[in-house]
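Working notes, structure below.
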């Protein structure tokens, strides 16, 4: 990662080239999009708003030209700009000016809500569109005998009803990971240990926990099975508090000087018990917003293990 970050900071041409190549690679390997957006964020965080805007502008223009020649249109480049490079550039500008990682994550969540609203602006019934898209996929699972044929329609309806919120939450999480990765790169190059301190001290505003409660209340009072906008908002809020809980875990392990095996265990749980682990970490993150567990822990004594 240090080699990649160093290459980006060699100059504008290198940053533009890597931004485009990684974005193209993301069409085959989706996680590569995180690296592409992190390049834009790193340049913005280190060099400023205008250099970062120049990188995303040149990347859009060049990728647009390539797409026009190869595909006959520039929609792909515009998609990269709107969904990847521009949002993370805005967040990097916010983080650079405020120096508040918590504020930047709140900004990413706001963009997640914009993504959620955009789905309803683009289509009067995004759930119906997801139903049409997911139908053939679930049918292929039924053909492979991975899903019972009698459950096919029920599964499609369940998945489609939650997809608008899941897409928005995925967008929010991707932006956050990209920004955190860029911040880590910046620390590796210019401020060793700085990202560790910043992430360990991350604390989201308490008002978000109240917002989560307000999103939960309609769920408790409704009697139908239809998924509401409040439940989509709840997904975004849970993801935000999950990030807080993860930062808390890192902070406590660092402050106590505990073995990194604890963190490895958490990430393994995320692999094998994803929903449950996310919810638990989110609940712990909400509790930390009110009780500030890290402040209650004293500094590690000389007799404790490192």
Close pairs from region 1-24: first on the phi > 0 side of the Ramachandran plot and free of Cβ contacts under 8 Å to residues at least 60 places away in the same chain, partner surrounded by fewer than 14 Cβ atoms within 10 Å (Cβ to Cβ) and not in a helix (DSSP H, G or I), Cβ under 8 Å, at least 6 apart: none
Unmet requirement for residue 185, which otherwise passes all of (1) surrounded by 20 or more Cβ atoms within 10 Å (Cβ to Cβ); (2) under 30 Å from residue 99 (Cβ atoms); (3) over 18 Å from the mean Cα position of the chain (by Cα): (3)
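Output the number of residues of region 221-267 satisfying the condition of being in a loop (DSSP other than H, G, I, E, B) and under 20 Å from the mean Cα position of the chain (by Cα).
Our first condition is that a residue be in a loop (DSSP other than H, G, I, E, B); within region 221-267, this holds for 222-228, 257-260.
Next cut, under 20 Å from the mean Cα position of the chain (by Cα) only: none.
Within region 221-267, residues that are in a loop (DSSP other than H, G, I, E, B) and under 20 Å from the mean Cα position of the chain (by Cα) number 0.
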Condition met for residue 77 (in contact with a helix residue (DSSP H, G or I) (Cβ under 6 Å, 6 or more places away or on another chain), in contact (Cβ under 8 Å) with a residue 24 or more places away in the chain and part of a helix (DSSP H, G or I)): no
Out of 87, 126, sole residue that is over 18 Å from residue 20 (Cβ atoms) and touching a helix residue (DSSP H, G or I) at 6+ places or on another chain (Cβ under 9 Å): 126
Residue check, residue 128 over 21 Å from residue 7 (Cβ atoms) and surrounded by fewer than 20 Cβ atoms within 10 Å (Cβ to Cβ): yes
Number of positions in region 188-210 that are surrounded by fewer than 16 Cβ atoms within 10 Å (Cβ to Cβ) and without any contact (Cβ under 8 Å) to a residue 40 or more places away in the chain: 7
The one condition in (1) modelled with pLDDT of 95 or more; (2) within 23 Å of residue 30 (Cβ to Cβ) that residue 187 fails to fulfil: (2)
Complete set of residues in region 3-22 that are modelled with pLDDT under 95 and crowded, with 19+ Cβ neighbours inside 10 Å: 5, 8
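The values are calculated or read from the model by the stated rules, or taken from the named source; none is laboratory data. All figures in this text were calculated on a predicted structure; none of them were measured in a lab. Here the Cβ is made from the backbone with ideal geometry for all residues, glycine too, and neighbour counts use every protein chain on show.
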